[in-house]
Amino acid sequence: MSHGVKVGLATIFFAALITSGVAFSSKPSPVVDAPAPDFQVTTFDGQKLSLADFKGQVVVLNFWATWCGPCKRELPLLEDYHRRQHSAGLVILAVATEDSLTPYQLRPLAKILTLQMVKRFKGNYGDIKYLPTNFVIDRKGILRYAESGGFTREGLDQVIGPLIAETPDSAQAGAVQSQASGNQ
C-alpha cells in the first residue's frame, strides 16, 4: 500500500472518529467517587448559588424536560421525597433542559414545588444525552451517583437514603468530643 493511500485512509478514519463523537467529547463526564465539579445555578426565585452553598447537604442535580415522559413521572416522586427529607439536609435542583417550556411558562410549577427549580445552570457535568439524568453529591462534596434514567422510590431510598443518614462532619464531631473529654 502506498504512503498516499495510508495517509488517505488514516485521514478518513480520524474524520469518522471525530464526527461520531468517539474521539472527542465537548464536555468530559464527572467521575463518581471523586469531588463533584463545581456548578452555578440561578433558581426561579433569583438566587445565584454554587456547590459551595450546599456544603453539608446531600444534593441531587436532576436534568429533565417537559416533553420527557419518564421525567414527568419522576418529578412528582422527587418532590415527595424532598418534602419528606429536606429537613434532613436534602436539596434537589431540577434543571429543565433548553428544549423545555420557557422559564416564564414553568414559573407556576416552580411556585408550588418545594424542590428548587433552576432556570440557569453552568457546570461541567458532561453532555446530557438522555433524560432524566441525575447526579447525587454527598455532604462532603463527593459525586456518589451519575446515571440516566428516572429514579424509583426504591432507587431513591437505596442511593440517597444512606447519604442522608450520614451526619454532616460526623468524624470531626467525634474528634472534637474525644478531645474535650480528654481535657477534663
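Here are the numbers for the structure shown:
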item	result
Residue count, the range 135-166 (criterion: part of a helix (DSSP H, G or I), touching a residue at least 12 places away in the same chain (Cβ under 8 Å) and aliphatic (A, V, I, L, M))	4
Residue within the range 41-50 that is within 25 Å of Glu147 (Cβ to Cβ), basic (Lys, Arg), at pLDDT 60 or above and surrounded by 10 or more Cβ atoms within 10 Å (Cβ to Cβ) present	no
Residue in the range 118-134 that is acidic (Asp, Glu) and without any contact (Cβ under 8 Å) to a residue 12 or more places away in the chain present	no
Top-ranked residue in the range 85-99 [being touching a residue at least 12 places away in the same chain (Cβ under 8 Å) and over 18 Å from the mean Cα position of the chain (by Cα); ranked as nearest to Ile137 (Cα to Cα)]	Ala88
Matching residues, the range 65-83, being hydrophobic (A, V, I, L, M, F, W, C), closer than 19 Å to Ile164 by Cα and out of contact with any Lys or Arg (no Cβ under 7 Å at 6 or more places or on another chain)	Leu78
Positions within the range 107-127 being outside any strand (DSSP E or B) and under 25 Å from Ala146 (Cα atoms), in sequence order	Ala110, Leu113, Thr114, Leu115, Asn124, Tyr125, Gly126, Asp127
Selection within the range 48-75 - touching a strand residue (DSSP E or B) at 6+ places or on another chain (Cβ under 8 Å), part of a loop (DSSP other than H, G, I, E, B) and either of a type in the set (Gly, Ala, Ser) or over 23 Å from Thr152 (Cβ atoms) (or both)	Ala65
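Conditions tested, residue by residue: (1) surrounded by fewer than 12 Cβ atoms within 10 Å (Cβ to Cβ); (2) out of contact with any strand residue (DSSP E or B) (no Cβ under 6 Å at 6 or more places or on another chain).
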site	(1), (2)
Asp99	yes, yes
Arg107	no, yes
Lys119	no, no
Asp138	no, no
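The values are calculated or read from the model by the stated rules, or taken from the named source; none is laboratory data. Bear in mind the structure is a predicted one, so any value in this text is a computation, not a measurement. Please note: Cβ atoms are built from the backbone with ideal geometry, for glycine as well, and neighbour counts cover all protein chains shown.
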